[in-house]
1. Please turn the phi angles of the stretch 502-516 into ³J(HN,Hα) values with the Karplus equation 6.51 cos²θ - 1.76 cosθ + 1.60 (θ = phi - 60°), one per residue in order, whole Hz, x for glycine and proline.
2. Modelling each spin label as a point 7 Å along the Cα-to-Cβ direction, I'd like the Thr340/Ala423 distance in nm, to one decimal.
3. Counting only DSSP beta bridges with both residues in the chain, what percent are antiparallel, rounded to the nearest 5?
4. To test your reading of the geometry: what angle, between 0 and 90 degrees and rounded to tens, separates the Cα axis of helix 3-13 from the longest principal axis of the chain?
5. Which cross-chain or sequence-distant (5 or more) residues have an amide H under 5 Å from the amide H of Thr189, H modelled 1.01 Å from N in plane?
6. Which far-off residues, 5 or more places away or on another chain, put their amide H under 5 Å from the one on Thr665, with H placed in the peptide plane?
7. What is the local net charge at Gly624, summed over the other residues whose Cβ is closer than 10 Å to its Cβ (Lys, Arg +1; Asp, Glu -1)?
8. Kindly point out, ordered by number, any Cys in the chain whose beta-carbon has no other cysteine beta-carbon under 4.7 Å away.
Amino acid sequence: MKLGALFLFFFVAFGISSAMAVGCAGSTACYWVGGTGNWSDTTHWATTSGGAITGSVPTSTDDAIFDANSNNPAYTVTVDATANCKNLNFSHAPFASGTIIWAGSAALNVYGNSTFLSGMTANYTGNLTYLATSGTKTITSNSVTLKSGTIAFSGVGGTWQLQDNFTHNDASLSTLSLTNGTLDLNGKTMTVLRFTSTGAATRVLTFGAGTLASIFYGDNYSYPFVFSGSGLTINGTATGTMTMINTGSYPSYGNRFYGGGFSFPTLNISGGVGVARILDTNTFANLSYTQGASYVDGYFTFFNNQTVTGTFTVTGPSVIDRILVNSDTWGTPRTITAATVSVANTDFEDITGVGAGNWDLHAETGGSGDAGGNSGITFTTPVTRYWVGNGGSWSSTSQWSALPGGASGVTAPLAQDTVIFDASSITSNAQGIGFDIPRLGKNIDMTNLAHSPSFSGSNAGYTYVYGSFTGPTGSTPTYNTSASSVFNFEPRSNSSYTNNNFSWGHGVAFEPVNCTMTLGGNATFETSLSIAPTTGTFDANNYNLTATNFSLVNSSTTLMKMGSGTWTATGTGAVWDNSTSTATGIIAGTSTLKLTDTSSTGKQFYGGGTTYNNFWYAPGAGTGILSVDGNNRFNDFKDDGSAAHTISFTAASTQTMVYWHVSGTSGNLITINSSSTGVHSLKSLGGPVTADYLNIQHSVATPASSWFAGAHSTNNQGVATAGSGWAFLAAPLGTKYFGGTKTVLNNMVFN
C-alpha cells in the first residue's frame with residue numbers, strides 16, 4: 001500500500017478527517033466535553049456541544065467553549081501545555097451544571113474575546129496573553145478574580161475593552177502588562193498587583209471614567225506601576241483614576257510609581273505602609289497621599305520634579321503619624337508645581353513649591369514642619385518649647401510649655417523649633433521620655449538638666465534633629481530604642497554637637513547637609529556611630545571620639561576632619577567601615593585611630609584607600625584577627641598586642657606607611673598574612689624597618705631588603721604564592737631604621 005493511501009486509511013478508519021490537524025474538524029468552535037481533563041488531551045474537544053470528540057485541540061482561529069454539556073457535575077480543566085484559542089468562553093456553562101475549576105500553569109494565548117462564568121474557580125497560574133491584531137475584543141469577568149502569573153495585552157493593532165470590573169490580584173506576585181495595542185477600561189475598575197507598560201511599541205491606555213488600581217501587601221511589589229519608553233498614549237487623564245493601596249505594614253522600598261515622564265489622571269496613594277515614592281518627571285491631574293494610621297516614620301519621596309494640574313494633597317493621620325514630603329537626595333530639591341495645595345500633619349524637606357497653589361502652610365492642621373532645604377513654602381512659625389511634667393511622650397501637649405517651668409498645653413515641637421530641657425523639666429531620676437514622632441526639632445539644649453531621665457524611641461524608624469545638640473553637664477540621661485532605629489543629626493546650617501554626659505545606648509548618625517557640623521567636646525557612643533556628610537563637613541575639632549563601630553560615608557563634595565584627637569573603636573566586626581567613601585573625603589590631621597577590643601573575635605578595618613595618620617591596634621591579650629582592606633596610607637602602623645594573633649591584609653592591596661611598630665614576643669608571634677593565597681604589599685616611606693617575632697606569609701615588602709623581620713621571625717613566604725622583600729635577620733649595626741623601639745647607629749643602641 002502506498003504511503004498516502006496508508007494515511008488515508010488511518011484517518012478514515014478512525015473517523016478523523018485530515019482537516020482536524022489544524023483545528024476542530026474545520027469548525028470555528030471547539031466544545032469541551034468529558035469533564036475533568038487536560039487542555040492538550042484531544043479526547044476532550046468536540047465540534048458541537050456534547051458531541052463526538054474531534055481528536056484535536058483549539059487553534060488561534062477556534063473558540064474554546066465550556067457549556068452545560070461539558071460535564072454535569074463539577075470538573076477541572078487544566079492548561080498543561082501551551083494552548084491557543086480565539087474566544088475563550090466559559091459563560092455557556094450554567095452554574096447549576098457544576099462548578100468549573102480552571103487550573104494549570106502552561107501558557108494560554110487568546111486571540112479574541114474572553115468571558116468568565118460567575119462562580120467559577122480560577123486557579124490558573126500560567127501566563128495569559130491577549131494577541132488580537134484587529135477589531136475590538138471584549139473581556140467579561142463576571143466577578144471572577146484571575147490568578148494568572150502574567151496577563152499581557154500584546155497583539156499589535158488589537159483593542160481590548162472591559163465589559164465589567166476586572167481583578168488580577170494574587171499573592172503569587174502576578175503582573176499585568178500592556179505592550180501593544182489598546183487597553184480600554186471603558187469606565188470600569190481594573191485591579192492588579194502590578195501594572196507595567198514599557199518599551200517603544202505603539203500602545204494606548206484609555207481610562208474614560210475608569211480606575212486602574214494596584215492593591216498589594218507590604219513589599220510584595222515595590223513597583224506597583226511601571227511606565228517607561230515611548231509610544232504610549234494615555235487617554236482620559238481628566239476623568240480617570242489610578243490608585244496605589246498598600247495593605248501591609250512593612251515599607252522596605254515602599255510604593256514606587258515609575259511614571260516614565262507621561263501625563264496621568266488622578267493618582268491616589270494610601271495604605272498602612274507610610275512610604276511612597278514617585279520616579280520620573282510626570283504630570284498628574286491630581287496627586288494625593290493618605291498615610292495609614294500607626295505608622296510613624298512616613299515618607300512621600302520624589303526622585304524628580306512633578307506637575308499637578310489640579311490638587312496636591314498630603315494627609316498625615318495625626319501629629320504622631322506625620323508624613324515627610326522629601327527629595328530622594330538630601331540637598332537636591334525637587335519642585336512640585338500645583339494648582340491647589342492641601343496638607344495636614346505634614347513636614348517637608350528639600351522641596352520647592354511653585355504654581356498657582358497657595359503654599360502658605362503655616363496654619364495647616366497639625367502644623368507644617370520645615371526639615372530644611374525647602375523654598376517657596378511658608379511654614380508654621382518657629383518657636384521655643386520647654387519640656388515640663390517629668391516623663392511622657394514627645395507628642396503630648398501636656399509635656400510642653402512656652403516658658404521655662406511654665407504651664408503645659410502648647411503644641412509639640414516641629415522640625416524647625418528649639419527644644420530646651422532645664423532644671424525644672426525633670427524633678428527626679430529615671431523618668432521615661434518617649435520619642436514617638438520622628439522629627440524632634442531643630443536645636444536641642446539639655447545643658448541645665450538636673451536629673452537623669454531615660455529616653456527611648458517608640459517608633460521603628462529613624463529619629464531626627466535638624467540643628468545643634470547640647471547634652472547635660474549635671475546629669476546622665478540614657479537613650480535606648482529598638483534595634484532598627486537610629487538617632488540622626490541632620491543639620492542644614494552650621495551646627496555643633498556637644499555630648500557632655502548624654503549616654504547613647506543605640507546607633508547615632510551625623511549627616512550634615514550643605515553645612516558644617518562641629519564637635520563641641522569629647523564624645524562617647526556606647527554603640528555604633530555613622531558619619532555621613534551630605535555635601536557638607538563633619539569636624540571633630542580636635543576632640544576624641546569613642547564608639548563600638550564607625551561607619552563612614554562621604555563623597556568628593558564632603559569632608560570629614562579627624563583633627564588631633566583619638567578615635568577609639570571598642571567593638572568587633574567592621575569596626576571601621578570606610579568602604580563606600582571617597583579617599584579624598586577624609587582629612588586625617590594628626591589623629592590616632594585606635595582599636596581596643598581584647599576578645600578573640602575578629603575586627604575588620606575597611607580603609608577605603610584613604611590616608612590616615614596613626615593607626616593603633618591594641619588588642620591586649622586578645623587573639624582576634626585584624627583584617628585590613630583597601631590601599632591605605634598611614635603615618636604609623638602600630639600593633640602592641642601581647643598574645644599571638646594575625647593581621648590579614650586583603651590580597652593585592654598595598655599599605656603604605658612611614659613607621660611600622662609591629663613585633664610579637666617569644667611564644668607569641670604576630671602573623672602577617674593575606675586574605676587569600678595572593679600577596680599583599682607593604683611599602684615603607686621612612687627608611688629601613690625593623691621588627692621581630694613575626695610569622696610572615698604572602699607579603700611583599702618594599703623597598704626590597706629594607707624590611708628586617710628579625711632573627712626570631714618565621715619565614716613562610718615560600719608557601720603557595722611567595723612573598724618577598726623581608727630580611728629574616730636583625731638590622732645590621734650602623735643602620736638607622738624606623739619602626740622599632742630602638743635605633744642602632746655606630747654600634748650604639750638608643751632606646
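1. Each residue of the stretch 502-516 in turn: 5, 10, 9, x, 8, x, 10, 9, 9, 9, x, 10, 6, 7, 10 Hz.
2. The two pseudo-label positions are separated by 5.5 nm.
3. Of all bridge pairs located within the chain, approximately 5 percent are antiparallel.
4. 70 degrees
5. Amide H to amide H, under 5 Å and 5 or more residues apart or across chains, Thr189 pairs with Asn165, Phe166, Thr211.
6. Ile670
7. Cβ neighbours under 10 Å give a net charge of 0.
8. Result for the chain is Cys85, Cys515, no neighbouring Cys Cβ within the cutoff.
Throughout, read-outs are computed from the coordinates displayed, never taken from laboratory work. Quantities reported herein were computed from a predicted structural model and do not represent experimental measurements. FYI the Cβ positions are ideal-geometry reconstructions off the backbone, even for glycines, and counts take in every protein chain you see.
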